[in-house]
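One structure is given below, encoded as C-alpha cells.
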Amino acid sequence: TRIDNTSFRIDPGQRGILKQALIAAGFPAEDLAGYAAGDPLHLALRDTTVSGRAFTVRYYQRQAAEAFHRAGSEKGGSGVVVLPCGAGKTVVGLAAMELVGQTTLVLTTSLTSVKQWRREILDKTTLHPDDIAEYTGDQKNTGPVTLATYQILTWRENRESEFPHLELFRARSWGLIIYDEVHLLPAPVFRATADLQARRRLGLTATLVREDGREADVFALIGPKRFDVPWKDLERQSWIAGATCVEERVPMSQGRRMEYALADRRAQFRIAAENPEKMTRLGELLESHPGARILIIGEYLAQIEAIARDFKVPLVTGKTPQPEREAIYDGFRRGALRRIVLSKVGNFAIDLPEADVLIQVSGAFGSRQEEAQRFGRILRPKEDGRAARFFTLVSRDTREEEFAHHRKLFLVEQGYSYQIVG
C-alpha cells in the first residue's frame, strides 16, 4: 500500500520476497523492521569446559558474534559470518546464542554434525542435556535448543507432496535460527526462510561460493555478510594450520586414453576421474607419509570402495550406519586409525582435528566450494604445530585438468598456491 511518494506499507509476511526482488534489481535493502522475541534461554559460556580444558572465545570469534548481534539493535540480528574451516564457527554460534539469550534452532548438514553441535554445547556452555533436542530421521523432538538437519526439513513422500517437516520453523517461538554451512542451504529451506524474517538469523560458512549462483538469495533471506577474515591472516596467527597444496598430474594408460578419446564429454570426465593409475600414485603417497593422519576422499563409490579394499582402510559413505561412522571417526581421533576413506560425506563438517594430510582422488567437476570444504578438513591447528598437506590427483591432459583449474580459484584468491607435479 502506498503511503506517500516515497513510502509503502507491506505485509510483514512479504519482507523476504521483497528483499529478494530488490537485490535482484540491484538495490539490496537494509531491513530495520526488527524481530519477534523468542522464549528466554538462560545460558553462559564456560571458562573451563566440561572435559576440563581452559576455554575462552577467541578475539575474532567474539568480534564475529558481536558484529552479528549489534548490541541487540534492529541493525543486527541477521547476517552471515564467514570463517575458514577449522577456525571455530561453532563457537561463534554459541557466542551468538549467549548474546541473544532466546530459544534457538540450529540447522546443519548431517546427523554427524548434529552430534558435534550437541557435544560442543554441552562441553562449552551451562546448558544441560535436557535443554537440547534433536529433530532428525532418528528422533523428532523439540526443546529450548533444537538441532536439525537440512535433509529432514527437505524430506517429502514424493515430488508432488508438501515438505511436512518445514513446520519445525513454527514449532516454537524461536528467538534465533542458526544456519550452519549456509552455502549449502537447499531451495525449499530458502523458500521457508522467506517467511521467517521476523526471526533472528545467523548463517555460518567457510565460503559463500555457490555453484548455482544463489549467493544473493543468502544475503537477501539470511542477511548481509557481517564478518569475514582472510584465511591466511588466521594462519599467520596460528589459529588454523599452515598448509601446502599439490596437484599431482597422473598419466593414463594407452588403452584408457583410447577409451577417453571415443567417449562423450561427460563420460570423459568420469573416465579421467577414475583413472586406475591414480591407485599407484596413491600408494606412493601413503608410503611417503608413514606417520601422518590421512583422509582419502573421492566422488565415485566404486573408486573409493576399491581404495578401501586394496589398502585395507576403513570406508565411510552416506550409507554407513551412524554408529559405525562414529566408531570410525572416534578411532581416527584417538589414533587407533591413521587412515580413512571418505565419500562426499567428507565435504561437510566432521571433527577430525588431527588429520594432517588429505588426498583427493576425484571431485564434483569444477566445484570451488567442494575444494575449499575438503581442504578445510585438515586446517585444525595441530598440537605440535606441524603443517598440513593437501594433494589432489588429476589425470594429465584431460578435462579433469580444466575442472581442477576452476576448483582452485577460491583457495588461490585466499592466498594459497598449488605446486604442480607430473
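Within the span defined as the range 242-261, one or more residues are assigned to a helix (DSSP H, G or I), hydroxyl-bearing (Ser, Thr, Tyr) and touching a residue at least 24 places away in the same chain (Cβ under 8 Å). Starting from residues that are in contact with a strand residue (DSSP E or B) (Cβ under 9 Å, 6 or more places away or on another chain) and buried (at least 18 other Cβ atoms within 10 Å of the Cβ), keep the ones in the range 209-228 and report whichever is farthest from Ala33 (Cα to Cα). Top of the filtered list is Phe227.
Only residues that are in contact with a strand residue (DSSP E or B) (Cβ under 9 Å, 6 or more places away or on another chain) and either on the phi > 0 side of the Ramachandran plot or surrounded by fewer than 18 Cβ atoms within 10 Å (Cβ to Cβ) (or both): list them for the range 293-307, please. Correct list: Glu305 only. Considering the range 49-59, and only residues there that are at pLDDT 95 or above and out of contact with any helix residue (DSSP H, G or I) (no Cβ under 7 Å at 6 or more places or on another chain), the residue that is farthest from Thr125 (Cα to Cα) turns out to be Tyr59.
Please verify whether the range 141-158 includes one or more residues that are among the charged types (D, E, K, R) and either more than 30 Å from Lys225 (Cβ to Cβ) or without any contact (Cβ under 8 Å) to a residue 24 or more places away in the chain (or both). Yes, that holds for at least one residue. Taking the residues in the range 379-401 that are out of contact with any helix residue (DSSP H, G or I) (no Cβ under 9 Å at 6 or more places or on another chain) and acidic (Asp, Glu) as candidates, determine which candidate is nearest to Arg210 (Cα to Cα). Within the range 379-401, the match that is nearest to Arg210 (Cα to Cα) is Glu383. Could you tell me how many of the residues in the range 51-75 are hydrophobic (A, V, I, L, M, F, W, C), touching a residue at least 12 places away in the same chain (Cβ under 8 Å) and out of contact with any Leu (no Cβ under 9 Å at 6 or more places or on another chain)? Number satisfying all stated conditions: 1.
Comparison of Leu105, Leu122, Leu127 shows that the only residue that is part of a helix (DSSP H, G or I), surrounded by 16 or more Cβ atoms within 10 Å (Cβ to Cβ), touching a strand residue (DSSP E or B) at 6+ places or on another chain (Cβ under 9 Å) and of a type in the set (A, V, I, L, M) is Leu122.
Return only the number of the condition from (1) buried (at least 17 other Cβ atoms within 10 Å of the Cβ); (2) of a type in the set (Asp, Glu); (3) at pLDDT below 95; (4) over 20 Å from the mean Cα position of the chain (by Cα) that Glu400 does not satisfy. Among (1) buried (at least 17 other Cβ atoms within 10 Å of the Cβ); (2) of a type in the set (Asp, Glu); (3) at pLDDT below 95; (4) over 20 Å from the mean Cα position of the chain (by Cα), the lone unmet condition for Glu400 is (3).
Only one of these is within 24 Å of Glu287 (Cα to Cα) and under 21 Å from the mean Cα position of the chain (by Cα): Glu370, Glu354, Glu326, Glu383. Name it.
Residue meeting the stated conditions: Glu354.
Report yes if Val218 is within 20 Å of Phe27 (Cβ to Cβ) and part of a helix (DSSP H, G or I), otherwise no. The answer is yes for Val218. Out of Glu98, Glu74, one residue alone is acidic (Asp, Glu), modelled with pLDDT of 95 or more and either farther than 25 Å from Leu411 by Cβ or part of a strand (DSSP E or B) (or both). It is Glu98. Of all the criteria given as (1) among the β-branched types (Val, Ile, Thr); (2) assigned to a loop (DSSP other than H, G, I, E, B); (3) under 26 Å from the mean Cα position of the chain (by Cα); (4) over 22 Å from Gly88 (Cα atoms), the one not satisfied by Val57 is (4).
Evaluating Val114 against the criteria (1) assigned to a helix (DSSP H, G or I); (2) farther than 30 Å from Lys319 by Cα leaves one unmet condition, (2).
The selection criterion, being free of Cβ contacts under 8 Å to residues at least 40 places away in the same chain and either in the same structural domain as Thr109 (by the TED database) or more than 20 Å from Trp239 (Cβ to Cβ) (or both), does not hold for Glu400.
Condition check ((1) of a type in the set (Gly, Ala, Ser); (2) farther than 23 Å from Val421 by Cα) across all residues:
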{"site": "Ser253", "(1), (2)": "yes, no"}
{"site": "Glu259", "(1), (2)": "no, yes"}
{"site": "Glu274", "(1), (2)": "no, no"}
{"site": "Glu299", "(1), (2)": "no, no"}
{"site": "Val316", "(1), (2)": "no, yes"}
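Residue check: is Val345 within 24 Å of Gly283 (Cα to Cα) and either under 15 Å from the mean Cα position of the chain (by Cα) or part of a loop (DSSP other than H, G, I, E, B) (or both)? Spelling it out, Val345 is indeed within 24 Å of Gly283 (Cα to Cα) and either under 15 Å from the mean Cα position of the chain (by Cα) or part of a loop (DSSP other than H, G, I, E, B) (or both).
The values are calculated or read from the model by the stated rules, or taken from the named source; none is laboratory data. Please read all numbers here as calculations on a predicted model, not as lab measurements. Because the Cβ atoms are built from the backbone with ideal geometry, glycine has one as well, and the counts that use them run over all protein chains shown.
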